[in-house]
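See below for the structure under consideration.
The values are calculated or read from the model by the stated rules, or taken from the named source; none is laboratory data. Treat the numbers as computed from the prediction; the structure is a model and nothing was measured. Note that we place each Cβ from the backbone using ideal geometry, even for glycine, and neighbour counts take in every protein chain shown.
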Amino acid sequence: MVEDENDLFAIRIIARNLKGVLRDISTIVARYDANIVMTHQEVFDSGPLKDLAELYIEYHDCTDQEAMIGELEKIPSVQAVHPFEPFSHIYGTRVIIIGGGAQVAQVALGAVNEADRHNIRGERISVDTIPLVGEKTVAQAVDAVARLPRAAILVMAGSLMGGEISKAVDRVKEAGIPVIALKMAGSVPDHADMVVTDPIQAGVFAVMHVSSKAVFDITRVRGREF
């Protein structure tokens with residue numbers, strides 16, 4: 001984790017999809033003591049960048065950013081290097097909502113309304129949702145939350161969840177991400193940090209927890225039902 005988000009930088013590198021390109025890039029980045037905290041790599045299979053690759057890097061502690069970018073641009077396989085604001089400065093902390101369509105929509109309503117109240121004052125809180133059906137599908141999505149960048153809290157929004165989904169909820173909590181569950185049938189509420197009956201209020205609670213300005217802390221009400 002970066003102690004001061006203002007010291008975080010990001011660059012997007014477009015390069016030819018060749019062996020050794022990642023090695024060449026990482027060698028230069030290391031030369032300037034840049035500590036990489038997040039990467040995303042993708043090969044484009046269509047559009048104007050077809051057959052090219054993108055490498056997005058967020059880093060801090062770079063000794064000379066302009067010189068590093070200049071050296072990266074000199075790599076023969078590199079097409080372009082562009083500095084950007086890091087995702088944490090733009091989309092900020094993420095609230096993740098997983099479950100059934102109707103319940104997800106209601107939780108998102110509360111979360112978006114509350115996030116708007118905080119973001120208008122300078123915070124950055126984003127809301128991500130995915131309505132899914134099926135125990136295996138939902139469990140896979142829950143497990144993936146621990147791998148999502150900037151995910152800070154998970155809301156389980158459904159009417160019946162248990163089995164493998166409950167085990168996935170435990171794994172997300174072990175990764176340090178708190179979980180709010182709607183009051184529902186199944187074992188998921190027994191595994192969540194907090195259970196909320198009203199889906200709109202669940203979304204509000206989730207945003208209040210991740211906000212740097214709100215006083216609500218889910219750890220102080222863990223195990224309770226509202």
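Name the single residue, out of those in the range 83-95 being of a type outside the set (Phe, Trp, Tyr) and farther than 12 Å from Phe9 by Cβ, that is surrounded by the fewest Cβ atoms within 10 Å (Cβ to Cβ). Quick ask: steps written out before the conclusion?
Residues of the range 83-95 that are of a type outside the set (Phe, Trp, Tyr), as a first pass: 83, 85-86, 88-90, 92-95.
Going one step further and asking which of them are farther than 12 Å from Phe9 by Cβ, we end up with 90, 92-95.
Values: Ile90: 11, Gly92: 19, Thr93: 20, Arg94: 21, Val95: 26.
Per the stated criteria, the residue is Ile90.
Out of the residues in the range 62-78 that are of a type outside the set (Asp, Glu) and loosely packed, with under 14 Cβ neighbours inside 10 Å, state the one that is modelled with the lowest pLDDT.
Among those that are of a type outside the set (Asp, Glu) and loosely packed, with under 14 Cβ neighbours inside 10 Å, it is Thr63.
Scan the range 166-179 and tell me whether some residue there is of a type in the set (Ser, Thr, Tyr), in the same structural domain as Asp116 (by TED's automatic domain parsing) and free of Cβ contacts under 8 Å to residues at least 40 places away in the same chain. Please lay out each step first, then the result.
So in the range 166-179, the residues of a type in the set (Ser, Thr, Tyr) come out as 166.
Now drop any that are not in the same structural domain as Asp116 (by TED's automatic domain parsing), which leaves 166.
Filter once more, keeping what is free of Cβ contacts under 8 Å to residues at least 40 places away in the same chain: 166.
Yes; the residues of the range 166-179 include at least one that is of a type in the set (Ser, Thr, Tyr), in the same structural domain as Asp116 (by TED's automatic domain parsing) and free of Cβ contacts under 8 Å to residues at least 40 places away in the same chain.
Spot the failing condition for Gly70; the list is (1) in contact with a helix residue (DSSP H, G or I) (Cβ under 9 Å, 6 or more places away or on another chain); (2) farther than 25 Å from Arg150 by Cβ, and only one is missed.
Result: Gly70 passes all but (1).
Among the residues of the range 8-25, write down those that are under 24 Å from Pro48 (Cβ atoms) and assigned to a loop (DSSP other than H, G, I, E, B).
Once the filter is applied, which keeps residues that are under 24 Å from Pro48 (Cβ atoms) and assigned to a loop (DSSP other than H, G, I, E, B), the range 8-25 yields Asn17, Leu18, Lys19.
Might you check whether a residue that is under 30 Å from Gln140 (Cβ atoms), surrounded by fewer than 18 Cβ atoms within 10 Å (Cβ to Cβ) and more than 24 Å from the chain's Cα centre (by Cα) occurs anywhere in the range 15-29?
Yes, the range 15-29 contains a residue that is under 30 Å from Gln140 (Cβ atoms), surrounded by fewer than 18 Cβ atoms within 10 Å (Cβ to Cβ) and more than 24 Å from the chain's Cα centre (by Cα).
Considering only the range 112-218, give the strands (runs of 3 or more DSSP E) lying wholly within it that have at least 1 residues that are of a type in the set (D, E, K, R).
Counting at least 1 such residues, we get 125-131.
Considering Asp170, Asp217, Asp128, which residue is surrounded by fewer than 18 Cβ atoms within 10 Å (Cβ to Cβ), touching a strand residue (DSSP E or B) at 6+ places or on another chain (Cβ under 6 Å) and under 28 Å from Val37 (Cα atoms)? Break it down stepwise before answering.
Values: Asp170 fails: touching a strand residue (DSSP E or B) at 6+ places or on another chain (Cβ under 6 Å); Asp217 fails: touching a strand residue (DSSP E or B) at 6+ places or on another chain (Cβ under 6 Å).
Result of the check over Asp170, Asp217, Asp128: Asp128.
In the set Val21, Val37, which member is closer than 19 Å to Pro86 by Cα, of a type in the set (A, V, I, L, M) and at pLDDT below 95?
Val37
Go through Ile36, Ile57, Ile25, Ile11 for me and flag whichever is outside the structural domain of Gly176 (by TED's automatic domain parsing), under 24 Å from Arg150 (Cβ atoms), among the hydrophobic types (A, V, I, L, M, F, W, C) and in contact (Cβ under 8 Å) with a residue 60 or more places away in the chain.
Within the list Ile36, Ile57, Ile25, Ile11, the selection yields Ile11.
Scan Asp198, Asp193 and give me the residue that is within 21 Å of the chain's Cα centre (by Cα) and not β-branched (Val, Ile, Thr).
Values: Asp198 fails: within 21 Å of the chain's Cα centre (by Cα).
Within the list Asp198, Asp193, the selection yields Asp193.
Considering each residue of the range 138-163, count those that are polar (S, T, N, Q) and surrounded by 14 or more Cβ atoms within 10 Å (Cβ to Cβ), and give that number.
So the count comes out to 1.
Could you say whether any residue in the range 64-78 is in a loop (DSSP other than H, G, I, E, B), outside the structural domain of Leu148 (by TED's automatic domain parsing) and within 16 Å of Asp7 (Cβ to Cβ)? So that I can check it myself, show each step before the final result.
Pass one, the range 64-78, residues in a loop (DSSP other than H, G, I, E, B): 64, 74-77.
From what is left, the residues that are outside the structural domain of Leu148 (by TED's automatic domain parsing) are 64, 74-77.
Right, trim to within 16 Å of Asp7 (Cβ to Cβ) and you get 64.
So far as the range 64-78 goes, yes, one or more of its residues are in a loop (DSSP other than H, G, I, E, B), outside the structural domain of Leu148 (by TED's automatic domain parsing) and within 16 Å of Asp7 (Cβ to Cβ).
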